[in-house]
1. Please report how many Lys pairs in segment 186-364 have alpha carbons closer than 21 angstrom, counting only residues at least 8 apart along the chain or sitting on separate chains.
2. Check T40: other-chain or 5+ apart residues with amide H under 5 Å from its amide H, H built from backbone geometry?
3. Report, by chain and number, residues whose modeled amide H sits under 5 Å from the one on G298, excluding near sequence neighbours (fewer than 5 apart, same chain).
4. Which whole-number percentage describes the relative contact order of the chain, with Cα contacts under 8 Å and a sequence gap of 6 or more?
5. Which percent of the Cα-Cα distances in segment 186-364 go past 25 Å?
6. At q = 0.23 Å⁻¹, what is the base-10 log of I(q)/I(0) for segment 122-250 according to the Debye formula with one equal point scatterer per Cα and no solvent? Please give it to two decimals.
7. Select from S52, S116, S129 the residue whose mean-square fluctuation is largest in a Gaussian network model of the chain (Cα-Cα springs shorter than 10 Å).
8. I'd like the Karplus ³J(HN,Hα) series for segment 221-234: coefficients 6.51, -1.76, 1.60, θ = phi - 60°, whole numbers in Hz, and an x wherever there's a Gly or Pro.
Amino acid sequence: MMHSVTCIAPVNIAVIKYWGKREEDLILPLNDSVSATLSTDHLCTKTTVTTSESFVENKILLNGKEESFSNPRLLRCLEELRKRGETANRCNPEILNWKIHVNTENNFPTAAGLASSASGYACLVYAISCLYGIEKDEISSIARQGSGSACRSLYSGFVQWQKGTLPDGSDSIAVQLADHTFWPEMRILILVVNDSRKKTSSTGGMSTSVKTSKLLKYRVETCVPQHTKDLIKALYEKNFENFGKITMQDSNQFHAVCLDTYPPCVYMNDVSHAIVNMVHQFNERKGGIRVAYTFDAGPNACLYLLENDVNDVLATINHVFPNDIWSSPDYIKGISIGKIALPQVDQYFVSNGQNLLKYIIYTKVGEGPKRIE
Ligand code: PMV
């Protein structure tokens, strides 16, 4: 006897950042966060979970390489799913005791430095929930225990992770604000920055921030509640001007907290700051906010913009960050930009030097996890 399920799950990029836990084991955050789920056409994790009476141990293959199953977060997710499966009582209870084999891969290069833990844990937890007959709305607090931001990857469109107040974390869950069809013009450009620096993990970084940053306290108590309220309003009104401004301000404040951490966590580099400058110059030239940046715990930029502005923004990027492989199909991945002629950029924008970006991913807001076979 053998059961097998294959699923895909999306990456999400926060516009209001999660940074800081109030409880480390259950992964309970100090503040709410909001993200957009990105299309699985261009970035996703694909996971197959197989369970059989004959398996003697749990196994996990990550991008073709066997990893240890003794990771406490992985074990906790599995334990929680088994408990939930038992209560749900929608599968043969025997299978809940069988060992599992997990085969998981990302369709985007791990070297890109994009958060793959969110799509990874969302996909794993979703696939096992399909196997054990658990409803999607019951697994948010389980995915959260794999990687906090993973709970937001369970839904399409725009998602809020509500921090909750209960000590057991049962109300610290993701809720959908609007699905992926709500703002169909919304686009995302991920600028993958050439970088070889060793990274500080988000877990380590945020734990040091909680212990040492005074600014973090002000951020979680005063700023994030206001940012969240204003961002949700801007989203529902489809007001890009406000959506973009809050997104940039929240990202800047998150990185200010990182610098206020002792010793500081430095995630953005010179190229990241040059991207920030380019975005502000572009918006100034246009007389309003047409494109917004946000940076996670790394130097890569994620730009939010509307479809109408994509050509102009790409032309500006080409001018400010010229690249030898600009016209190669491998440079701009994702949605095809076809043969559209890039408009001329005025000399107001200054070039920063050749090949500072590795490549660009052009994508849009997309759907949540799906069972595929
Ligand atoms: O879920 P984690 O532990 O990978 O933390 C994610 C932290 C940020 O990406 C920096 C912000 C966020 O809300 O995604």
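The values are calculated or read from the model by the stated rules, or taken from the named source; none is laboratory data. Everything numeric in this text was worked out from a predicted model, so none of it was measured. Cβ coordinates were reconstructed from backbone atoms using ideal geometry, including for glycine residues, and neighbour counts include every protein chain displayed. With ligands, DNA and RNA removed, areas are computed over all heavy atoms of the protein, side chains included. Shrake-Rupley method; radii C 1.70, N 1.55, O 1.52, S 1.80 Å.
1. For segment 186-364, the number of qualifying lysine pairs is 15.
2. Under 5 Å from the amide H of T40 lie the amide H atoms of E367, each far enough along the sequence or on another chain.
3. Here the answer is none, since no amide H 5 or more places off falls under 5 Å of that of G298.
4. Computed value for the chain: 23 percent relative contact order.
5. Counting pairs separated by more than 25 Å, the tail of P(r) holds 37 percent.
6. -1.39
7. S52
8. Residue by residue, segment 221-234 yields 7, 10, 7, 4, x, 5, 4, 5, 4, 5, 5, 5, 4, 4 Hz.
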